[in-house]
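Chemist: One structure coming up, written as structure tokens, with questions to follow.
Every number here is computed from the coordinates shown, using simple stated rules; none is lab data. Quick caveat: nothing in here was measured; it's all calculated off a predicted structure. Cβ coordinates were reconstructed from backbone atoms using ideal geometry, including for glycine residues, and neighbour counts include every protein chain displayed.
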Amino acid sequence: MKKIKSITKKEVAHIAKLASLDLTEAELNRYLLDLEEIMNFMNQIKELDLKSISETSRTSEEENVLRDDLVTPSLTIDEALSNTKNTHDGFFLVPHVLVGKDS
């Protein structure tokens, strides 16, 4: 089986940038070591001979117990928005979270 390649410091910095994280050099080095360790564990798992083990979609017999999805009385739009100053067309107005190159 093909090994998972190790990660570079440049890739860690890129991931941090995508996540809008401003990491110090020490933090970059720490995350690089952590991710390399994870990759090593993944490679160890890939080396296991699992041909004799049947596939399964469940590892336990536990089951989700779901209730019926019933419509119940709720707040009106005006009631829901009554404690905020920032609204627009019946919606909460919040600061931008994702900022792209054009923003």
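Residues are listed down the side, and each one gets a yes or a no for (1) among the acidic types (Asp, Glu); (2) within 24 Å of Leu98 (Cα to Cα); (3) out of contact with any Asp or Glu (no Cβ under 9 Å at 6 or more places or on another chain):
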residue	(1), (2), (3)
Thr8	no, no, yes
Leu21	no, yes, no
Leu28	no, yes, yes
Ser52	no, no, yes
Glu55	yes, no, yes
Thr59	no, no, yes
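Chemist: Using beta carbons and a limit of 8 Å, which pairs, at least six apart or on different chains, have the first residue in segment 30-48 and at positive phi and the second one surrounded by 12 or more Cβ atoms within 10 Å (Cβ to Cβ)?
Modeler: Correct list of pairs: empty, since none qualify.
Chemist: Is segment 80-102 home to any residue that is in contact with a helix residue (DSSP H, G or I) (Cβ under 9 Å, 6 or more places away or on another chain) and assigned to a loop (DSSP other than H, G, I, E, B)?
Modeler: Filtering segment 80-102 for residues in contact with a helix residue (DSSP H, G or I) (Cβ under 9 Å, 6 or more places away or on another chain) gives 87, 90-92.
After this cut, where a residue has to be assigned to a loop (DSSP other than H, G, I, E, B) as well, the list is 90.
Yes, there is a match, as at least one residue in segment 80-102 is in contact with a helix residue (DSSP H, G or I) (Cβ under 9 Å, 6 or more places away or on another chain) and assigned to a loop (DSSP other than H, G, I, E, B).
Chemist: Same structure again: Name the single residue that is surrounded by the fewest Cβ atoms within 10 Å (Cβ to Cβ) among those in segment 2-32 being in a loop (DSSP other than H, G, I, E, B) and more than 19 Å from the chain's Cα centre (by Cα). Even if it seems obvious, please write down each step before you answer.
Modeler: At the first step, the residues of segment 2-32 found to be in a loop (DSSP other than H, G, I, E, B) are 2-8, 19-24.
Imposing the further condition that a residue be more than 19 Å from the chain's Cα centre (by Cα) reduces the set to 2-6, 8, 24.
Values: Lys2: 6, Lys3: 11, Ile4: 14, Lys5: 9, Ser6: 12, Thr8: 12, Thr24: 8.
Result: Lys2.
Chemist: Now for a separate question. Among the numbered criteria (1) part of a loop (DSSP other than H, G, I, E, B); (2) within 30 Å of Val99 (Cβ to Cβ), which single criterion is violated by Asp68?
Modeler: It fails just one condition, (2).
Chemist: Name the residues in segment 33-50 that are charged (D, E, K, R), more than 30 Å from Gly100 (Cα to Cα) and assigned to a helix (DSSP H, G or I), would you?
Modeler: Within segment 33-50, the subset charged (D, E, K, R) is 34, 36-37, 46-47, 49.
So of that shortlist, the ones also more than 30 Å from Gly100 (Cα to Cα) come out as 37, 46-47, 49.
Selection gives Glu37, Lys46, Glu47.
Chemist: Kindly provide the set of residues from segment 73-103 that are among the polar types (S, T, N, Q) and over 30 Å from Lys17 (Cα atoms), ordered by number. Give the derivation first.
Modeler: If we filter segment 73-103 for residues that are among the polar types (S, T, N, Q), which is where we start, we get 74, 76, 82-84, 86-87, 103.
Passing the criteria: Ser74, Thr76, Ser82, Asn83, Thr84, Thr87.
Table: residues versus (1) within 22 Å of His14 (Cβ to Cβ); (2) of a type in the set (A, V, I, L, M); (3) surrounded by fewer than 10 Cβ atoms within 10 Å (Cβ to Cβ).
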| site | (1), (2), (3) |
| --- | --- |
| Asp34 | yes, no, no |
| Ser54 | no, no, yes |
| Ser60 | no, no, yes |
| Glu63 | no, no, yes |
| Thr72 | no, no, yes |
| Ile77 | no, yes, no |
